[in-house]
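The values are calculated or read from the model by the stated rules, or taken from the named source; none is laboratory data. Small disclaimer: the values here were computed from a predicted structure and weren't measured. Cβ sites come from the backbone with ideal geometry, for glycine too, and all protein chains shown count toward neighbours.
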Amino acid sequence: MHYLGAMELVHRNTSGRLPTSTFVLRDDGEDVGFVQIRHRPSHADDIPPECASHIYYEVREDRRQRGYGTTLLALGLQEARRLGLTELIVCCFESNPASKRVIEKNGGHLAGIFTASDQSRIYKHMFNLR
């Protein structure tokens, strides 16, 4: 695994309809991914309401398979705890087994499997941050 740099807050207005904090993970000064923490769960129109989630994260395609996703989510969970969130929902599509592994490595427990409007399956994971 590579040396991982510090996660830095990207300043963003969090007073809108859906308060959100966005963080960027940098390694040696280069952005490798980001995590968005929604202060309350939300979902896109094509996602079942049961899969409203708190966290979305993404690692640059050329940096995947190096442990960045696991680190990024771990740091995001720490920040969510700092924000006062005690229970978190994180979802991923069945078509993304790497994300499922990242979530489970960080302690996410499968809470259900749901179907999106396009018939893709979604795994819903719960985190207890207490």
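Please work out which residue is farthest from A80 (Cα to Cα), limiting yourself to region 54-69 and to residues that are in contact (Cβ under 8 Å) with a residue 24 or more places away in the chain and among the aromatic types (F, W, Y). Don't jump to the end; show me each part of the working.
Step one: filter region 54-69 for residues in contact (Cβ under 8 Å) with a residue 24 or more places away in the chain, giving 54-55, 57-60, 63-69.
With the extra rule that they be among the aromatic types (F, W, Y), the set shrinks to 57, 68.
Values: Y57: 13, Y68: 18 Å.
The residue in question is Y68.
Within the set of pairs 6 or more residues apart or between chains, which connect a residue that is in contact (Cβ under 8 Å) with a residue 40 or more places away in the chain inside region 92-114 to a residue that is among the basic types (K, R) and surrounded by 13 or more Cβ atoms within 10 Å (Cβ to Cβ) with Cβ atoms less than 8 Å apart? Pairs found: G112/K124; F114/K124.
When S95 is tested against (1) closer than 21 Å to R130 by Cβ; (2) over 15 Å from the mean Cα position of the chain (by Cα); (3) at pLDDT 95 or above, exactly one condition is not met: (1). The residue of region 7-45 that is modelled with the lowest pLDDT, among those that are part of a loop (DSSP other than H, G, I, E, B) and among the polar types (S, T, N, Q), is N13. Selection of region 62-78 for residues being of a type outside the set (F, W, Y), part of a helix (DSSP H, G or I) and under 16 Å from the mean Cα position of the chain (by Cα) yields G69, T70, T71, L72, L73, A74, L75, G76, L77, Q78.
Candidates in region 99-130 are the residues that are hydrophobic (A, V, I, L, M, F, W, C) and at pLDDT below 95; of these, the one that is farthest from R60 (Cα to Cα) is L129.
Do we have any residue at all in region 96-107 that's in a loop (DSSP other than H, G, I, E, B), farther than 27 Å from D27 by Cβ and not small (G, A, S)? It would help to see each step written out before you state the result.
Our first condition is that a residue be in a loop (DSSP other than H, G, I, E, B); within region 96-107, this holds for 96, 106-107.
Going one step further and asking which of them are farther than 27 Å from D27 by Cβ, we end up with none.
Scanning region 96-107, I find no residue that is in a loop (DSSP other than H, G, I, E, B), farther than 27 Å from D27 by Cβ and not small (G, A, S), so the answer is no.
A search for C-beta distances below 7 Å between a residue of region 18-42 that is more than 14 Å from S53 (Cα to Cα) and touching a residue at least 40 places away in the same chain (Cβ under 8 Å) and any residue that is small (G, A, S) and assigned to a strand (DSSP E or B), counting only pairs 6+ apart in sequence or on different chains, returns L25/G33.
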